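Derivation of every value follows stated rules applied to the coordinates shown; laboratory data play no part. Being a predicted model, the structure only gives us computed values, none of them experimental. Reconstructed Cβ throughout: ideal geometry from the backbone, glycine too, with neighbour counts over all protein chains shown.
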Amino acid sequence: MTNEVKIEISPWFSQSFGKKSKVTMTEQIRKDESLKSLLERIAVKHDGFGAMIYDISCGTIYDAVVIFVNNKPVTSDLKIKIKVGDTIVVTPFYSGG
């Protein structure tokens with residue numbers, strides 16, 4: 001088994017990857033890596049990710065973004081540890097009534 005996580009990015013953000021539909025990718029992770037560290041690495045590799053999803057200078061996700069790890073929402077603690085086989089979903093924040 002490889003040291004990978006699966007990342008799914010909703011169509012609303014997929015334009016930052018030059019796509020019009022959902023982006024699914026895998027990313028190698030390091031032992032005891034945090035979600036924050038992974039997001040920083042992706043933002044460095046993909047400018048649009050940094051522009052729309054993760055603010056490298058502040059070390060936070062933008063307000064319009066919600067991230068789920070294994071179907072559980074990540075609120076403000078991006079220092080959570082991710083594990084091999086985790087699924088990370090990046091989607092816009094929705095509200096309504």
How many percent of all Cα-Cα pairs in the chain sit more than 20 Å apart?
-> 30 percent
Dipole of segment 4-92 (Lys/Arg Cβ +1, Asp/Glu Cβ -1, origin at the Cα centre): which of 85, 65, 34 lies farthest to the positive side?
-> 85
Rh by Kirkwood over Cα pairs, then Stokes-Einstein D for segment 9-54 at 1.567 mPa s and 4 °C, µm²/s | 117 µm²/s
Report, by chain and number, residues whose modeled amide H sits under 5 Å from the one on residue 66, excluding near sequence neighbours (fewer than 5 apart, same chain).
-> 91, 93
In debye, nearest 20: dipole of the chain around its Cα centre with unit charges on the Cβ of K, R (+) and D, E (-)?
-> 220 debye
What lysines could a cross-link reach from residue 83, if we take a straight Cα to Cα line under 28 Å and drop same-chain neighbours fewer than 8 places away?
-> 6, 19, 22, 31, 36, 45, 72
